Structures are given as structure tokens and as C-alpha cells.
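Values in this text are rule-based calculations from the coordinates and carry no lab data. Just so it is clear, the model here is predicted, and its values are computed rather than measured. Ideal geometry is used to build each Cβ from the backbone, glycine not excepted, and the neighbour counts take in all protein chains shown.
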Amino acid sequence: MKTDSLFHRLFSDHPELVFELMGEDVPAAVSYTFGSQEVKQTSFRLDGILTPPEQAPDSPIVFVEVMGYRDNSLYFSFFAEIFLYLKDYTPMNDWQAVLIFSRQGLDPGLSVHFRDFDNNSRFRRIYLDQLPAEAVDRSLELGVLQLIGVKEENAPDRARQLIQRAQQEATDVAEQQRIVELITTTLVYSAIR
């Protein structure tokens, strides 16, 4: 997906965004790092893994996949990647998984094989075009993520709103510039899709 690098950048800079998208509090005193990791012995590559530090054994590993196109074998691949990772690395931490779709219409739906994960706290699906306003208002970065799911004709207005908000909320000029750059990059990627 063309937006993978954008998501990777956002989640690398702000790993707490994954928890915000899931509607959960960021675990207190846990400093997650975000990275991409290849699972051994296959060509599977996980989009990202939030890995807690070793001194946080009660905090889960969070597997993150971002989808900007429809893939009917998505769930088979995603769960295979997770279980191969667990087999290869045998982490001590529990795990969670989140699938982030730019639009709800791209979700092929859970097949019968994975219905146990439906409405399960271990697995979440997030649709950027369905994010509630109060979630987007929590942070500028969530606003940028939501911009990916906005209809093409609404994107320029939403981008202007985010830029104005960045100018009002970000006190540091470098931070303002970084957010404006993310918004611009998001618009370019959205126009390509």
C-alpha cells in the first residue's frame, strides 16, 4: 500500500496513536517502539509491531496492519503472520492485533475461520472513514490519520482545518512544520489511491 510509509512514520513517531485508534488508554509508564519485522522462513512481512520494553512483561505486543485496498485473503495472511511470529519468537508478552482500514468498504469481512476474533478484545478493526469526531479531536495526528479515509472531494477542506489547528495548537515551529508536511503527504497519497 502506498500509505504504508506514512503510517510507519506516524506510528514510529507516535506509537500511542495505535492505542488511541483502538479507544484505549496508553499503558501507563510503558514506552512502546514501533517497527516492521519480517517473519522467518516465509515472505510474510508484518506492517508493524508495537513492542513493549522488557521491563513491561504485562503489556501486550500489538500487531498492526494497514489496508488501503481490498484483499480477500487478508485475514488468512494477517493471522498467519501473527501466529508465525509467535511461533518463531515465543515472546513472554500477551498479544493484541489491530487492522486499520482507510475505508470500511475495504474490509472483506471475517471468514468462518476467524469468527472467534469478532468482538474480541484481542483483535480490533478500525475504519478511518468511520472515526468519531471526538476521537479525531484528541490529537492532530489522529486528524491526519482520519484524513486518509476522508472522501477525495472533502479532503482539501479537512486538510485546511488540520493546518489551522496545527498553527493554533503546536507551539513549536518545527512541530507545526512536521504536521503540515504530514498533511501534505497524506493528501498526495490519498490522491494516488
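A few comments on the model shown:
- A simple spin-label model places the labels of S12 and Y89 1.7 nm from each other, with each point 7 Å out along Cα-to-Cβ.
- In plain terms, the C-alpha convex hull of segment 95-183 casts an average shadow of 7.2 nm² when viewed from every direction.
- Segment 31-107 and segment 114-193 have Cα centres spaced 21 Å apart.
- More than 19 Å apart - percent of Cα-Cα pairs taken over segment 49-149: 50 percent
- A cut-off under 13 angstrom between Cβ atoms defines the neighbours of R124, and their net charge, with Lys, Arg +1 and Asp, Glu -1, is -3.
- Per residue convex hull volume, Cα atoms of the chain, in Å³: 126 Å³
- Within segment 132-193, the proportion of C-alpha pairs whose separation exceeds 13 Å stands at 57%.
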